[in-house]
Amino acid sequence: MTLKSISVSLLFSLLLWADGCAGPTGAGELRIIDPVLQPHEDAAELELLVRRAHDRVNAQRASLGMTQLSLDTRISRVARRHSARMAQGGAFSHQGFKQRATAIGRFMPYRTVAENLGYNYGNADPAARAFNSWLNSHKHRQAMEDSRFTHTGLAVAKSSNGRYYFTQLFLLPR
């Protein structure tokens with residue numbers, strides 16, 4: 001392998017990592033995260049779960065007399081990368097939240113942003129389970145019911161062992 005090909009490979013890996021599409025494996029290696037639909041995922045199922053979770057969040061907000069959140073596909077793409085990372089073996093955590101907020105700020109300047117995560121398996125309705133877990137958590141409920149937020153992005157990824165990973169980002173644009 002030449003020095004030039006090593007440099008190009010390293011640069012590509014660093015760009016993927018900076019964009020949130022790669023992360024350490026824990027063994028010092030770089031693991032590539034593919035936000036594209038995986039072979040074990042069903043696009044229609046994931047879209048339905050996104051819609052169900054989004055509808056539940058908006059119904060909760062409406063019950064409090066709040067405006068509904070507008071589902072933004074660009075924010076959802078940022079959320080998808082994080083859900084995919086978790087589903088492909090990354091830690092279930094808010095790690096990288098600042099990078100996700102920065103990515104959103106590149107296309108939609110904002111005043112404030114928040115994030116809710118959820119994962120579950122073995123449930124008849126994974127979206128309802130994620131929503132209920134957010135509703136029963138003070139901090140997650142607070143983000144969901146924050147009247148300042150007007151936009152959201154929501155995504156679901158499914159791991160090869162059947163776990164569903166939800167990421168919802170809330171945003172108040174400038």
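Couple of notes before you dig in:
- Amide hydrogen neighbours beyond the local backbone of Ser70, cut-off 5 Å, H modeled: His151, Thr152
- 3J(HN,Hα) from dihedral phi, the stretch 143-148, Karplus parametrisation 6.51/-1.76/1.60, rounded to Hz, x for glycine, proline: 5, 5, 9, 6, 5, 6
- Phi angles across the stretch 111-124 convert, under the Karplus curve 6.51 cos²θ - 1.76 cosθ + 1.60 with θ = phi - 60°, into 3J(HN,Hα) values of 8, 8, 9, 9, 9, 10, 10, x, 8, 6, 7, x, 10, 5 Hz, Gly and Pro given as x.
- At R0 = 25 Å, FRET efficiency that the Cβ-Cβ distance of Lys139 and Thr73 yields, to 0.05: 0.45
- In this structure Met108 has an accessible area near 20 Å², from a 1.4 Å probe over the protein heavy atoms.
- 15 Å cut-off, amide nitrogen to a point 7 angstrom out along His94 Cα→Cβ, residues in the stretch 154-168: 167-168
- Where chymotrypsin sites (Phe, Trp or Tyr not before Pro) fall in DSSP loop in the stretch 82-156, at most 13 other Cβ within 10 Å: Phe92, Tyr121
- Electrostatic bookkeeping for Lys158 treats Lys and Arg as +1 and Asp and Glu as -1; over the other residues with beta carbon under 11 Å from its beta carbon, the sum is -2.
- By accessible area with a 1.4 Å probe, ligands and nucleic acids excluded, highest first: order of Glu47, Glu115, Glu145: Glu47, Glu145, Glu115
The values are calculated or read from the model by the stated rules, or taken from the named source; none is laboratory data. Treat the numbers as computed from the prediction; the structure is a model and nothing was measured. Every residue, glycine among them, receives a Cβ derived from its backbone with ideal geometry; neighbour counts consider all protein chains shown. What goes into the accessible areas is simple: the full protein's heavy atoms, side chains included, and nothing from ligands, DNA or RNA. Shrake-Rupley method; radii C 1.70, N 1.55, O 1.52, S 1.80 Å.
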